[in-house]
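Let me begin by presenting the structure, written as structure tokens, before commenting on it.
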Amino acid sequence: MRILFRSLLLLCLATAVVPVRAAPAALLVVGDSLGAAYGIDPEQGWVALLAQRLAANGHRYRVVNASISGDTTAGGLRRLPDLLASYRPEIVLIELGGNDGLRGLPLATLRANLEQMVRQAQATARAVLLVGVRMPPNYGPRYTEGFAEVYREVAAATGAALVPALLDGIGERLELMQDDGIHPRTEAQPRMVDNVWPALVPLLTAGD
């Protein structure tokens with residue numbers, strides 16, 4: 001009897017259900033060449049560095065970088081539904097608009113596309129962070145100031161969190177920019193993470 005009991009006990013232990021830790025939630029970045037680390041090693045780009053900082057601070061997120069060089073808000077708007085369906089992200093970072101501005105596209109179109117993207121993401125994701133960019137001063141104050149205002153307007157209209165300028169403290173420093181004057185060098189990437197981090201942390205805290 002004792003042997004039978006011991007055998008049954010060992011069988012129960014062998015078949016016991018072991019708790020499985022849930023897979024990390026996805027954090028989706030939908031951006032352009034700034035997110036795609038144009039001209040530098042992608043592993044040294046700000047999105048990759050952001051993933052490292054999240055892990056170092058104990059935040060379990062699987063960072064999905066869906067940034068494409070040259071993409072516009074119209075392109076992002078077309079791509080977003082499939083990305084949301086494929087990755088089911090908990091948090092979505094939208095970093096688009098720079099190529100719209102460089103092409104001088106109407107600000108009303110920029111605003112409409114960004115707002116649609118934010119609202120689509122909010123329909124499935126827990127939080128959305130809108131990451132703004134700025135236009136070079138040679139585009140004139142009316143356009144550059146209106147361009148920056150679009151991001152504030154969209155954030156206010158949708159309730160999305162906002163990073164006003166991804167390249168704040170970077171774009172005006174030539175030593176941190178590549179020769180094209182548009183894309184930041186490797187040395188600037190940690191500063192870009194610093195610019196994103198304060199707006200992102202409250203979104204992480206809400207879900208951790």
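The values are calculated or read from the model by the stated rules, or taken from the named source; none is laboratory data. Quick caveat: nothing in here was measured; it's all calculated off a predicted structure. For neighbour counting, all protein chains shown are included, and Cβ atoms are generated from backbone atoms with ideal geometry for every residue, glycine included.
For the reader, a short list of remarks on this structure follows.
- Subset of region 75-105 [over 15 Å from A26 (Cβ atoms), aliphatic (A, V, I, L, M), out of contact with any helix residue (DSSP H, G or I) (no Cβ under 6 Å at 6 or more places or on another chain) and assigned to a helix (DSSP H, G or I)]: L102
- Residue list for region 161-187, filter: closer than 16 Å to G132 by Cα and in a strand (DSSP E or B): A161, L162, V163, P184
- Only one of the listed residues (E153, E145, E149, E115) is more than 21 Å from the chain's Cα centre (by Cα) and under 25 Å from L200 (Cα atoms). That residue is E145.
- Of all the residues in region 118-142, those that are within 17 Å of the chain's Cα centre (by Cα) and assigned to a helix (DSSP H, G or I) number 5.
- Residues that are crowded, with 19+ Cβ neighbours inside 10 Å and more than 18 Å from A161 (Cα to Cα), drawn from region 85-98: G98
- Listed by first and then second residue, the pairs with beta-carbon distance under 8 Å, at least 6 apart or on different chains, first residue in region 100-123 and at pLDDT below 95, second of a type in the set (F, W, Y) and surrounded by fewer than 19 Cβ atoms within 10 Å (Cβ to Cβ), are G104/Y139; G104/Y143.
- Hits in region 41-64 (condition: among the polar types (S, T, N, Q) and under 17 Å from P198 (Cα atoms)): Q52, N57
- Of all residues in region 144-166, those satisfying the criterion of being hydrophobic (A, V, I, L, M, F, W, C), in contact (Cβ under 8 Å) with a residue 40 or more places away in the chain and surrounded by 14 or more Cβ atoms within 10 Å (Cβ to Cβ) are F147, V150, V154, A160, A161, L166.
- Leading residue by the ranking (surrounded by the fewest Cβ atoms within 10 Å (Cβ to Cβ)) among those in region 124-143 that are without any contact (Cβ under 8 Å) to a residue 40 or more places away in the chain and under 25 Å from V193 (Cα atoms): P137
- Qualifying residue in region 94-106 (condition: of a type in the set (A, V, I, L, M) and closer than 20 Å to W46 by Cα): yes
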